[in-house]
1. What number comes out for accessible area per residue over the chain if the probe is 1.4 Å? Units Å², please.
2. In a shell of Cβ-Cβ distance under 10 Å around H436, excluding H436 itself, what net charge do Lys and Arg (+1) and Asp and Glu (-1) give?
3. Taking a ≥ b ≥ c as the square roots of the Cα gyration tensor eigenvalues, with a/c under 1.5 meaning rounded and otherwise prolate when a/b beats b/c, else oblate, which class fits region 11-63?
4. Within the accessible area of the chain, what % is carbon and sulfur when the probe is 1.4 Å and the other protein chains stay in place?
5. Is the C-alpha gyration tensor of region 208-268 telling us rounded, prolate or oblate? Criteria: a/c under 1.5 is rounded; beyond that, a/b larger than b/c is prolate, otherwise oblate.
6. With a ≥ b ≥ c taken as the square roots of the eigenvalues of the C-alpha gyration tensor of region 401-450, please select rounded if a/c is under 1.5 and otherwise prolate if a/b is larger than b/c or oblate if it is not?
7. With runs of 4+ DSSP H residues as the only contributors, calculate the mean residue ellipticity of the chain at 222 nm using -39,500 (n - 2.57) per run, divided by the residue total and rounded to the nearest 500.
8. Please determine, in degrees from 0 to 90 and to the nearest 10, the orientation of helix 368-387 with respect to the longest principal axis defined by the Cα atoms of the chain, where the helix direction is its Cα long axis.
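The values are calculated or read from the model by the stated rules, or taken from the named source; none is laboratory data. Just so it is clear, the structure is predicted and the values come from calculations on it, not from any experiment. Cβ placement follows ideal geometry from the backbone for every residue including glycine, while neighbour counts extend to all protein chains displayed. Just the protein is used for accessible areas: all its heavy atoms, side chains included, with ligands, DNA and RNA removed. Shrake-Rupley method; radii C 1.70, N 1.55, O 1.52, S 1.80 Å.
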Amino acid sequence: MANQLGVLNALDAAKTQWYHFTAIVIAGMGFFTDAYDLFSISLITKLLGRIYYFKADSPKPGTLPPNVAAAVNGVAFCGTLAGQLFFGWLGDKLGRKRVYGLTLMLMVICSIASGLSFGKSPQGVMATLCFFRFWLGFGIGGDYPLSATIMSEYANKKTRGAFIAAVFAMQGFGILTGGIVALIVSAAFDHAYTAHPYQRDPEHSTVPQADYIWRIILMFGAFPALLTYYWRMKMPETARYTALVARNAKQAAADMSKVLQVDLNAEQEKVDKIGREQFGLFSKEFAKRHGLHLLGTTSTWFLLDIAFYSSNLFQKDIFSAIGWLPKPETMTATYEVYRVAKAQTIIALCGTVPGYWFTVAFIEHLGRFTIQMMGFFFMSVFMFAIAIPYQHWKTHNTGFLIMYSLTFFFANFGPNATTFIVPAEIFPARLRSTCHGISAAAGKAGAIVGSFGFLYAAQSTHKDKVDKGYPTGVGVKHALLALGAVNCLGMLFTLLVPETMGRSLEDITGENEEDNGYQQRFSVEKVPV
């Protein structure tokens, strides 16, 4: 019989209570800021090009040079990758709670600092922006393993997947809010300051005040996260870390007694018996028990993020390619921000946000494996359906919008959610945050490949149609075909990921196993309220 600690069994068996929803909001607001900050950059890159790389004799508005565009889009991902590895490891060494507030404050400070980027030259402004976005990404990286681990260790076993998915679903609201804020700010500036389309008056198509637009958009993401800092600091350490890693049964019981409003026995003797033979991350025992699991979580997250982030970050380029956005020279700078934000907000409303909440609703009925496999399959189908008859969609914008939205819907009602959930469930408590950080870092490596690769690959095959400074690419059609193939690989590697639905974390990881057959004994008494 499994040798489960009373405090952990109480958490597994607990009915859904107010503290569950509090934990979702506290952890979720970090993800709101994560998504807002990572994806809002795609709303303003065209504006940055117009402001800082304007040339009066050019027939087209200024654009960011290839190396600058790659740096601005990708530097936050580099920071995120480093943060996931560092804070994931730190979360297992120092505890989830002690590191949790640090990541949030780093995000808040660097969000505001990004909007205050300064310099005497365009290169100076871009360098400052990239510096702060790297450290913003570093803080965001820490939020991935810590939020997932905290939510998985607080949740009961029947609804654990749904609760972790709900935390991750705040990412959808972050993307949506980014679009809405950009719409409001650009519309306000467009109304307040008169400008002319670029082809009519290049010099006055970008008003000087437009420099405030991108700064306001970037800084806004800090405020929702700042509001949750106090409650994040008030959360007790998770019982699983306190009992299984810090080996302090008394503190674990005391913390969870307050949270669950029950009396729990400390059971220090049982804590001392559990997991006496502990293996490390680089041991043969870990490779034997969890090596394939780690390969499954890292590879699927890597492949998913190649497709997901390249599609998300370069929506504006795809919209322009199919004619959904007017040509840049026919618009003012502020109106271009408005049109890009409008297009991305529609996609978020139609596909991105609903997909996250479908996962929340169905993950405890369909299971992680089924949702991930199904998501990769339909992402492949819709990527191919867009790419193969690509010329057709240039004259059928409504059909394209439906197909493109469905791609995002099945990314989020699929591997984008499950790759975040599963690593928080299948590894031992002492390595859970580290392994989630490694898996997430592999995902961000995929995002870097997607964001840098797609930037160049999606360029036209004709020299006269490529963006200034870029070499010819394979075109959007072939880039989308490649992303469809990446999703097919994701289906293959999903076979390495185990199903965890309805099981306790200790049963999944084997932390309950005892050689002496020590039997479970605990009592839970309701505290009169």
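1. Result: 39 Å² of accessible area for each residue.
2. -1
3. Since a/c reaches 1.5 and a/b is larger than b/c, the shape of region 11-63 is classed as prolate.
4. 66
5. Since a/c reaches 1.5 and a/b is larger than b/c, the shape of region 208-268 is classed as prolate.
6. oblate
7. After summing the helix terms and dividing by residue count, I get -23000 deg cm²/dmol.
8. Once rounded, one gets 10 degrees.
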